[in-house]
Amino acid sequence: MSKSGDDQVRYEPAAPKKEQGGAQKPASQKSRPLLEYSPVYLLVTIMLTLFTAEWLIMIILNMAPGIPQEWATLINALALTVVIFPVVYFFHYRPKVRDLAELKRVSLVLTESERRIRSVMEATNDSIIQINEKGLIVFWNRAAEALFGYTAKEIMNKKFLTLVTSPRYYVFFEKWFRNELDLVKKNHGDSMGQGQFEVFIKRKNEKVIPVEVSLSSVWLEDSLHTICMVRDITIRKKAFVALKESEKRFREALEKVCMVTAQVEANGKIMFCNDYFLRVTGWEKKDVLGRNLFALFIADKFHAALKKRLYESIAMRVEIKQMEQEIITRSGDCRLVMFNTTNLLDHKGRVIGVTIIGEDITERKKSEEIKKESNERLRKANEELQKAQTQLVRSEKLASLGHLAAGVAHEIRNPLNIISTSIQLLSMEERLSPETVKTSRIVMEQVKRASKITENLREFAREKKPEIIKMDLHDFLERTIALVEYEMSLENITVVRNFNSGPIYLLGDEDQLAQVFLNVIGNARDSMNEKQEEFSYDELQKRGWVGQLVIETIVNEHMAGVRFRDTGVGVTRETKEKIYDPFYTTKREGKGTGLGLAIAYGIIENHGGRIEIESDVGEGAEFSVFLPLATERNA
Ligand SMILES: Nc1ncnc2c1ncn2[C@@H]1O[C@H](COP(=O)(O)OP(=O)(O)O)[C@@H](O)[C@H]1O
Ligand SMILES: [Mg+2]
């Protein structure tokens with residue numbers, strides 16, 4: 001079909017009024033003025049003209065009676081055309097004709113703008129249909145052709161409602177048209193309404209499709225026309241149905257899943273909850289929906305924190321992951337739920353609430369706690385066992401070594417005595433060379449040293465039961481410290497007393513404990529001196545170092561403790577492992593025997609106490625000696 005042909009078809013039948021026809025056929029404009037007047041008006045005007053002409057001829061005939069009949073008719077016709085008609089034309093028709101010329105000009109302008117509008121209506125992708133007051137189609141654009149399958153020629157002047165599938169929809173439209181007319185009448189033509197419906201229409205090929213129809217009324221040429229914009233919403237509908245479908249499936253899944261599931265608005269109002277949720281909490285759906293999550297399920301003490309967490313997650317759009325929360329059931333029990341949230345968005349992407357999906361971990365948590373507890377007990381028992389074992393091994397080792405040492409000491413003591421006596425005899429001789437005197441002095445020194453070792457060995461091996469008495473710990477410590485404090489001060493070491501405020505009485509053997517404390521103090525002193533040998537004292541002072549032995553006493557229900565903390569070189573891990581071994585020493589030859597702590601360990605053990613070491617290499621060491629308290633009963 002040719003384009004221009006279409007246009008013709010479209011415009012001509014679409015012109016129920018003269019103007020539109022005129023727009024297509026300008027030649028017929030001349031006939032328009034007469035048609036502007038009603039037939040009655042024209043008839044009366046013509047009658048009056050004829051009557052006036054007749055009346056004029058009667059006057060002439062009366063004035064000149066001799067005029068023949070033929071002349072009279074001729075004069076009558078002349079009067080009519082020459083006098084009466086020009087007068088009537090001049091005074092009556094002319095002004096109207098002037099108006100009409102103006103009208104014609106305006107109507108031409110209108111036609112032009114209408115044509116422009118029509119071309120726009122043609123070009124749009126939406127189907128546009130114009131319906132006149134009788135409900136007949138008077139305009140039908142190309143998009144409408146494509147949508148409905150009818151050409152403009154086929155559809156023109158057909159009733160619009162024939163396109164609509166169900167009579168049900170007629171009611172919509174008719175009601176709308178009627179209301180619209182009423183409105184327009186009431187408002188004197190000023191109100192141009194608008195309406196929108198979703199209906200099904202039938203295409204030429206009988207296929208029914210869903211469309212959205214927007215109606216608006218326009219006042220055209222003294223009659224109310226309706227412009228229908230029709231939009232195919234098949235895809236939208238399908239998407240909507242698919243969405244509904246998937247939502248339904250999703251709901252079903254949520255409903256069935258064995259997870260505590262609820263959807264709440266930002267203020268906590270519950271919009272949805274699944275069966276499992278109800279099962280865990282013991283409520284019924286009707287009691288839960290629309291109620292507030294916090295009021296119904298969360299204890300007051302958790303409100304602030306949980307609300308804050310929820311609001312934060314909504315405001316910052318970070319979802320909550322693996323949060324544990326106690327909820328209250330209908331019977332007042334508490335269940336522990338671990339939950340995640342996902343934000344619920346509206347069509348504009350704003351968060352309107354959250355979906356909560358959680359797991360009831362009450363039972364799991366309980367069994368986990370039991371497991372943890374028994375693990376902890378097991379660990380402690382194991383630790384104690386290990387401690388007892390090392391203690392046992394250590395005591396065994398010390399005991400067997402003790403026997404050996406006692407034997408060795410005894411065996412060596414006699415030869416040493418003989419050497420010592422012999423040297424003394426030898427040195428009483430006269431005429432000894434200076435070399436011999438020097439050599440015998442060295443021998444004597446070494447014999448003394450060996451004796452000291454054997455003495456220590458005997459001490460170590462001595463299975464002397466301690467003579468336990470009630471001792472005032474602070475007094476005893478003061479006496480012990482007094483033996484070494486002055487010498488230590490010469491080595492830049494101060495002793496700091498950090499004693500418990502009240503007196504402490506313990507049970508012990510004064511001699512043996514003096515040996516222990518003197519050894520521990522001696523070790524601390526050696527360690528701090530070693531540090532000063534390694535770095536000079538000046539250098540250390542610059543670094544803020546002070547040679548300091550802090551002696552602290554503490555007391556608890558059963559035990560008294562003495563803590564010796566020094567600022568020496570500290571104890572390495574390796575040393576710590578072997579520290580109580582007899583003959584283990586890190587000190588240079590002649591300085592240490594490695595028996596001090598081995599003996600101390602035995603003594604403290606015999607007292608029913610214990611020794612502990614704490615050390616950071618380079619930061620000094622801390623030795624703690626714990627001894628049983630003297631109580632009312634055992635004192
Ligand atoms: N306060 C301490 N600081 C650093 N090391 C220490 C300290 N007390 C003991 N030791 C380490 O333990 C070892 C064993 O000490 P001990 O049994 O008293 O023997 P000795 O003092 O004869 O070496 C020492 O040689 C030393 O290495
Ligand atoms: Mg020592």
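Looking only at region 148-171, count every residue that is assigned to a helix (DSSP H, G or I) and among the small types (G, A, S) and tell me the total.
1
Looking only at region 575-593, how many residues end up being more than 6 Å from ligand 1 (Cβ to nearest atom) and either hydrophobic (A, V, I, L, M, F, W, C) or surrounded by fewer than 17 Cβ atoms within 10 Å (Cβ to Cβ) (or both)?
Residues of region 575-593 more than 6 Å from ligand 1 (Cβ to nearest atom): 576-578, 580-583, 588-591.
Checking the rest, the ones that are also either hydrophobic (A, V, I, L, M, F, W, C) or surrounded by fewer than 17 Cβ atoms within 10 Å (Cβ to Cβ) (or both) come to 576-578, 583, 588-591.
Qualifying residue count, region 575-593: 8.
If you scan region 257-272, which residues turn out to be open to solvent by 10 Å² or more (accessible area, probe 1.4 Å) and within 20 Å of A315 (Cβ to Cβ)?
Q263, E265, A266, N267, K269, M271, listed by residue number.
Which is away from ligand 2 (no atom under 16 Å from the Cβ) and over 20 Å from E605 (Cα atoms), of E478, E487, E510?
Within the list E478, E487, E510, the selection yields E478.
For region 440-453, indicate whether the set of residues that are outside the structural domain of E557 (by TED's automatic domain parsing), open to solvent by 80 Å² or more (accessible area, probe 1.4 Å) and of a type in the set (V, I, T) is non-empty.
Yes: one or more hits.
Per-residue answers, yes or no, for (1) of a type outside the set (A, V, I, L, M); (2) on the phi < 0 side of the Ramachandran plot; (3) in contact (Cβ under 8 Å) with a residue 24 or more places away in the chain:
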{"residue": "I370", "(1), (2), (3)": "no, yes, no"}
{"residue": "N382", "(1), (2), (3)": "yes, yes, no"}
{"residue": "E411", "(1), (2), (3)": "yes, yes, no"}
{"residue": "L416", "(1), (2), (3)": "no, yes, yes"}
{"residue": "S422", "(1), (2), (3)": "yes, yes, no"}
{"residue": "R431", "(1), (2), (3)": "yes, no, no"}
{"residue": "T454", "(1), (2), (3)": "yes, yes, yes"}
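Out of curiosity, is K204 assigned by TED's automatic domain parsing to the domain that holds K159, modelled with pLDDT of 85 or more, under 21 Å from T165 (Cα atoms) and of a type outside the set (A, V, I, L, M)?
Yes, satisfied.
Quick check on I521: is it open to solvent by 80 Å² or more (accessible area, probe 1.4 Å) and within 19 Å of Y601 (Cα to Cα)? Write out each step before concluding.
Details: open to solvent by 80 Å² or more (accessible area, probe 1.4 Å): no; within 19 Å of Y601 (Cα to Cα): yes.
Judged against the criteria, I521 is not a match.
Is it true that E534 is more than 16 Å from ligand 2 (Cβ to nearest atom), in the same structural domain as R497 (by TED's automatic domain parsing) and open to solvent by 30 Å² or more (accessible area, probe 1.4 Å)?
On the way: more than 16 Å from ligand 2 (Cβ to nearest atom): yes; in the same structural domain as R497 (by TED's automatic domain parsing): yes; open to solvent by 30 Å² or more (accessible area, probe 1.4 Å): yes.
When the stated conditions are applied, E534 passes them.
The rows are residues; the columns are (1) more than 16 Å from L50 (Cβ to Cβ); (2) surrounded by 15 or more Cβ atoms within 10 Å (Cβ to Cβ); (3) modelled with pLDDT of 70 or more; (4) touching a Pro at 6+ places or on another chain (Cβ under 8 Å).
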residue	(1), (2), (3), (4)
P65	yes, no, yes, no
P68	yes, no, yes, no
A77	no, no, yes, no
I84	no, yes, yes, no
V87	no, no, yes, no
F91	yes, no, no, no
D99	yes, no, no, no
R105	yes, no, yes, no
S113	yes, no, yes, no
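More than 13 Å from I357 (Cα to Cα), open to solvent by less than 50 Å² (accessible area, probe 1.4 Å), aliphatic (A, V, I, L, M) and in the same structural domain as V337 (by TED's automatic domain parsing), is that true of L306? Break it down into steps so the answer makes sense when it comes.
Details: more than 13 Å from I357 (Cα to Cα): yes; open to solvent by less than 50 Å² (accessible area, probe 1.4 Å): yes; aliphatic (A, V, I, L, M): yes; in the same structural domain as V337 (by TED's automatic domain parsing): yes.
When the stated conditions are applied, L306 passes them.
Scan region 250-286 residue by residue and report those that are more than 20 Å from I361 (Cβ to Cβ) and of a type in the set (D, E).
Answer for region 250-286, where residues must be more than 20 Å from I361 (Cβ to Cβ) and of a type in the set (D, E): E252, E255, E265, E284.
Could we say that T567 is within 13 Å of ligand 1 (Cβ to nearest atom) and free of Cβ contacts under 8 Å to residues at least 12 places away in the same chain here?
no
Test each condition in (1) within 13 Å of ligand 1 (Cβ to nearest atom); (2) at positive phi for G544 and report the one that comes out false.
Against the list (1) within 13 Å of ligand 1 (Cβ to nearest atom); (2) at positive phi, G544 comes up short only on (1).
Just need a number here: residues in region 572-612 that are without any contact (Cβ under 8 Å) to a residue 40 or more places away in the chain, within 12 Å of ligand 2 (Cβ to nearest atom) and not aliphatic (A, V, I, L, M).
Of the residues in that region, 5 qualify.
Test of understanding: among T553, T567, which residue is in contact with a His (Cβ under 7 Å, 6 or more places away or on another chain) and away from ligand 2 (no atom under 16 Å from the Cβ)?
T553
Is it fair to say N556 is modelled with pLDDT of 90 or more and either within 12 Å of ligand 1 (Cβ to nearest atom) or within 59 Å of the chain's Cα centre (by Cα) (or both)?
No.
Could you please let me know if P503 is part of a loop (DSSP other than H, G, I, E, B), more than 57 Å from the chain's Cα centre (by Cα) and either away from ligand 2 (no atom under 16 Å from the Cβ) or not assigned by TED's automatic domain parsing to the domain that holds A621 (or both)?
When the stated conditions are applied, P503 passes them.
Answer with yes or no whether I327 is in the same structural domain as V354 (by TED's automatic domain parsing), open to solvent by less than 80 Å² (accessible area, probe 1.4 Å), among the aliphatic types (A, V, I, L, M) and within 20 Å of the chain's Cα centre (by Cα).
No, not satisfied.
Exactly one of (1) surrounded by fewer than 17 Cβ atoms within 10 Å (Cβ to Cβ); (2) away from ligand 1 (no atom under 16 Å from the Cβ); (3) of a type in the set (A, V, I, L, M) is unmet by L507. Its number?
(1)
Which numbered condition in (1) of a type in the set (A, V, I, L, M); (2) modelled with pLDDT of 85 or more; (3) more than 24 Å from the chain's Cα centre (by Cα) is the only one that M259 fails?
Condition not satisfied by M259: (3).
Could you tell me which residue of region 450-483 is modelled with the lowest pLDDT, considering only residues that are in contact with a Leu (Cβ under 8 Å, 6 or more places away or on another chain) and under 26 Å from L629 (Cβ atoms)?
This residue is I468.
Evaluate the following for K285: is it exposed (fewer than 12 other Cβ atoms within 10 Å of the Cβ) and without any contact (Cβ under 8 Å) to a residue 60 or more places away in the chain?
In short, no.
The values are calculated or read from the model by the stated rules, or taken from the named source; none is laboratory data. Nothing here was measured: the structure is a model prediction, and the numbers come from that model. Quick reminder, even Gly has a Cβ in these numbers, built from the backbone with ideal geometry, and neighbours come from all protein chains shown. We work out accessible area using only protein heavy atoms, side chains counted, and drop any ligands, DNA or RNA first. Shrake-Rupley method; radii C 1.70, N 1.55, O 1.52, S 1.80 Å.
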